[in-house]
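All remarks here apply to the structure that follows.
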Amino acid sequence: IVLPTGTYTLSIAGINEDLAATGDLDLNSNIAIMGDGAGTTIIDANNIDRVFTVASGTTVSIENVTITGGDAPGTGVSSGGGGIRNEGGTLTVTNSIVAGNSADRDGGGVLTLGGNVNINGSTISNNAATARAGGLFNEGGTVTITNSSVSDNTAGGGIFNANNSTMTIAGSTVSGNAGTGILTDRATLTVTNSTISGNTLEGILNPSNSGTVTIVNSTITGNAIGVSNTSGANDITLRNPPVVGHTPDINGHVHPPLPLTDRNGRAA
């Protein structure tokens, strides 16, 4: 589907329906959506529902658009993912903006429950969630974020990576989020050549001793707390510093006994 310049506003009210009859746009087969540019091609859910639902087993590509005005209401499994809810498909978002969306639970901007998500050259910003991850929530999926920004999400923090999920962040910025920049719990996280800055709580928080975090060639600065590993296990690895204000031990691990501080001298 090729979308020329313009604003495409959803207008048929209705939620919790997956046949593309009401509310959001349900993507139930392989499809590519290509806009004329994120600044000029806008898909606006007008707060009647989320914007997109990607069905399990489908392959979806979204490029050169802005996704906005999504509101995912409700509680439990039926909620979450104000901009995009991926229910186990393979989703690629390229050169796009996901902004101004909200969820009554998790993933104000993007939520994925399994499957694969690739975010390339895109911005996830100014979204909100009442529970976890104003920006992007990943549970059970594989997410790759490249040359992108997850920033200024106003509630729920930036990114939540949980429960046997895998996330790779490269050449990207996670900044200015209200809450934790990246919370990774019982999951695998790799951050390379990226900046985690200005988040109001932790830059990166790892509360579980069953996950792993690897930080390579990256800068963590100006967060209320830089890196927090509350499990006490040696499962955060730093390679090729600098990580501003944080010092690895001889094995390259960061954990609570180390005297970590951020750039303002505050204890991490």
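The values are calculated or read from the model by the stated rules, or taken from the named source; none is laboratory data. Predicted, not measured: the structure shown is a model, and the values here were computed from it. With ideal geometry, Cβ positions are generated from the backbone for all residues, glycine too; neighbour counts draw on all protein chains shown. Surface accessibility is based on the protein's heavy atoms, side chains included, excluding ligands, DNA and RNA. Shrake-Rupley method; radii C 1.70, N 1.55, O 1.52, S 1.80 Å.
General observations
- Prolate/oblate/rounded label for segment 21-82 (Cα gyration tensor, a/c 1.5): oblate
- Summed residue charge, Cβ within 13 Å of G157's Cβ, Lys/Arg positive, Asp/Glu negative: -3
- I12 paired with N46, simple spin-label distance in nm, labels 7 Å along Cα-to-beta-carbon: 1.3
- Surface composition of segment 167-232: carbon and sulfur atoms hold 49% of the protein heavy-atom accessible area at a 1.4 Å probe.
- Computed from backbone phi with θ = phi - 60° and the Karplus coefficients 6.51, -1.76 and 1.60, the 3J(HN,Hα) list for segment 180-192 is 6, x, 9, 10, 10, 10, 6, 8, 10, 10, 10, 10, 10 Hz; x is used for glycine and proline.
- Kirkwood-type radius of segment 56-201, with distances r between different C-alpha atoms, in Å: 14.1
- For segment 99-141, the residues whose backbone nitrogen is under 13 Å from a point 7 Å from the Cα of S208, taken along Cα to Cβ, are 138-141.
- Solvent exposure of segment 1-127 as accessible area per residue, Å², 1.4 Å probe: 38
- Positive minus negative residues near E139 (Lys, Arg vs Asp, Glu; Cβ under 15 Å): +1
- Point-to-point label distance, A21-S61, nm (Cα→Cβ direction, 7 Å offset): 3.2
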